[in-house]
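Written below as structure tokens is the structure these notes are about.
The values are calculated or read from the model by the stated rules, or taken from the named source; none is laboratory data. Because the structure is a prediction, the values reported are computed rather than measured. Neighbour counts are summed over all protein chains in view; Cβ atoms, including those assigned to glycine, are modelled from backbone coordinates with ideal geometry. These accessible areas exclude ligands, DNA and RNA; they are computed on the full protein's heavy atoms, side chains included. Shrake-Rupley method; radii C 1.70, N 1.55, O 1.52, S 1.80 Å.
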Amino acid sequence: MGASNSKQEPAYVYGSDVPIGFTVGLKEKLLKEASAQKEAKDKARTASNSPESVCSRDTAEEVEKAVAKELERILEKQQHDQLRSKDRQASTAELLGEIRDLSQQINTSPTAQSQTYGQAVNARNQVASCLRKNEGKALDCWKEVSEFKSLVATLEREFVAASH
């Protein structure tokens, strides 16, 4: 009960004229921590200024730049390929549509239904078979060729007359 009254604790009064006192253990601990921090900073500073670290930093920066450039190039190529494939698909569809339209025009044109057209197709097939039979002797097919030429000329005249 009376134990707290029997001990006298020193009373500290802090003021601007009274010096502050620290224990020796606290002083040593603070000095060790300060020196450890200073050593760590010195090591970091010397490590960051050493030729190896400068080279490794430069190398890392160059690698990052190279990777960024390569990624940019790959992305641009992919975008370009996508655009080309879209253009190709669109142009293919357009071409197929034009081919269908032209085929319909040819099939419905008066020249395609004329007798001369059938004769010209027949003459063309005769020229082809003659050339196959007389391989190396193309001059032997002069009759078939002249007949085909005359039929084509007749077809051209019919076409011009039909278009006017």
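Brief remarks on what is shown
- Relative to the globular-protein estimate of 2.2 N^0.38 Å, the Cα radius of gyration of region 53-164 stands at 2.27.
- Qualifying lysines (Cα of each under 27 Å from Cα of Lys133; at least 8 residues distant if same chain): Lys143, Lys149
- Rolling a 1.4 Å probe across all protein chains gives Ser150 an accessible area of roughly 60 Å².
- Estimated FRET transfer efficiency (Thr116, Ser91; beta-carbon r; R0 41 Å; 0.05): 0.70
- Were the residues from Val24 through Gln79 laid out at 0.36 nm apart, the gain over their Cα-Cα distance would be 12.7 nm.
- Phi to ³J(HN,Hα) by Karplus 6.51 cos²θ - 1.76 cosθ + 1.60 over region 149-159, Hz, x for Gly, Pro: 4, 5, 5, 5, 4, 5, 4, 4, 4, 4, 5
- In straight-distance terms, cross-link reach from Lys77 covers every one of the aspartates and glutamates whose alpha-carbon lies under 19 Å from its own, apart from those fewer than eight places away in the same chain; here that gives Asp87.
- Put a dot 7 Å past the Cα of Asn107, heading toward its Cβ, do the same for Glu147, and the two dots end up 2.9 nm apart.
- Cross-link partners for Lys43 among the lysines, with Cα-Cα distance under 29 Å and sequence neighbours closer than 8 places in the same chain left out: Lys27, Lys29, Lys32, Lys65.
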